[in-house]
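Visitor: Input: one structure, supplied below.
The values are calculated or read from the model by the stated rules, or taken from the named source; none is laboratory data. Only a predicted model underlies this, so the values are computations on that prediction, with no experimental measurement involved. Heads up, the Cβs are rebuilt from the backbone with ideal geometry, glycines too, and the neighbour counts pull from every protein chain shown.
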Amino acid sequence: MAVTIQSAVALAQLTPAEKRVAERLVAGASNIQGARELGMSTGTFASHVASIGRKFQITSRSGRPARANAVLDSEQVAPPPAPASAPQLTAADLRLLRAYAKYPETPDIARAAGIAQAEVRPQIKKLIAETGADNATHLIGLAHAWNLLGKGRNGTNPSVETAKPAGTA
């Protein structure tokens, strides 16, 4: 029997359980909240979050926003409900938002956003407050609902370029 090599798209397909977890993830649910809502153990929920990350090659423990972005880009789950109009964000805010959606590690986020590493967390907290998001992962979900990120992990707004971290193509 011939060996069938799966495509990257096929490898990133979520199972039904992972899709249910991903829906909670993009809405900003913690492992405890998501597990409670789905009637599963926190460990099982966390295991599904980790599996989702592996499927999208995001293995960083701090990569929940990047996982949410990857899942939403793959169109396997819908963005969470959001207010009808997006908040007015500056070009710098959009660069940071796009960098945060794409990269799980602070140094990469800082390079892509063109800011100091020490400014990443405070600026993300500011964006969370300005957008009314519950947390950083929910911020990514809302950004997709408002089409601020678009399909493709750099977003689709050509007027706002996202710098790439050193050493990336």
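Visitor: Take the residues in segment 113-125 that are over 15 Å from the mean Cα position of the chain (by Cα) and touching a residue at least 24 places away in the same chain (Cβ under 8 Å); name whichever of them is surrounded by the fewest Cβ atoms within 10 Å (Cβ to Cβ).
Guide: If we take residues in segment 113-125 being over 15 Å from the mean Cα position of the chain (by Cα) and touching a residue at least 24 places away in the same chain (Cβ under 8 Å), then 114 is surrounded by the fewest Cβ atoms within 10 Å (Cβ to Cβ).
Visitor: Follow-up question, since we're still on this one. Just wondering, is there one or more residues in segment 58-76 that are of a type outside the set (S, T, N, Q), more than 19 Å from residue 140 (Cβ to Cβ), in contact (Cβ under 8 Å) with a residue 12 or more places away in the chain and assigned to a helix (DSSP H, G or I)?
Guide: Checked against the condition, which is being of a type outside the set (S, T, N, Q), more than 19 Å from residue 140 (Cβ to Cβ), in contact (Cβ under 8 Å) with a residue 12 or more places away in the chain and assigned to a helix (DSSP H, G or I), segment 58-76 yields no hits at all.
Visitor: Here is a further query. For residue 80, state whether it is buried (at least 20 other Cβ atoms within 10 Å of the Cβ) and either in contact (Cβ under 8 Å) with a residue 24 or more places away in the chain or hydroxyl-bearing (Ser, Thr, Tyr) (or both).
Guide: Answer is yes for this residue.
Visitor: So how many residues does segment 25-49 have that are surrounded by 15 or more Cβ atoms within 10 Å (Cβ to Cβ) and either of a type in the set (A, V, I, L, M) or within 13 Å of residue 14 (Cβ to Cβ) (or both)?
Guide: Qualifying residue count for the region: 10.
Visitor: Being more than 13 Å from the chain's Cα centre (by Cα), assigned to a loop (DSSP other than H, G, I, E, B) and within 15 Å of residue 136 (Cα to Cα) narrows it down to one of 82, 86, so name that one.
Guide: 82
Visitor: For residue 152, only one of the following conditions fails: (1) over 21 Å from residue 31 (Cβ atoms); (2) modelled with pLDDT of 95 or more. What is its number?
Guide: Only one criterion is unmet by residue 152, namely (2).
Visitor: Sticking with this one: Could you please give the count of residues in segment 109-119 that are in a helix (DSSP H, G or I), out of contact with any Pro (no Cβ under 9 Å at 6 or more places or on another chain) and within 14 Å of residue 92 (Cα to Cα)?
Guide: So the count comes out to 2.
Visitor: Quickly run through segment 27-56 and pick out the residues that are more than 19 Å from the chain's Cα centre (by Cα) and either of a type in the set (Ser, Thr, Tyr) or more than 24 Å from residue 133 (Cα to Cα) (or both).
Guide: Across segment 27-56, the qualifying residues are 39, 40, 41, 42, 43, 44.
Visitor: Taking segment 28-76, which residues are among the charged types (D, E, K, R) and at positive phi?
Guide: Of everything in segment 28-76, just one residue is among the charged types (D, E, K, R) and at positive phi, namely 75.
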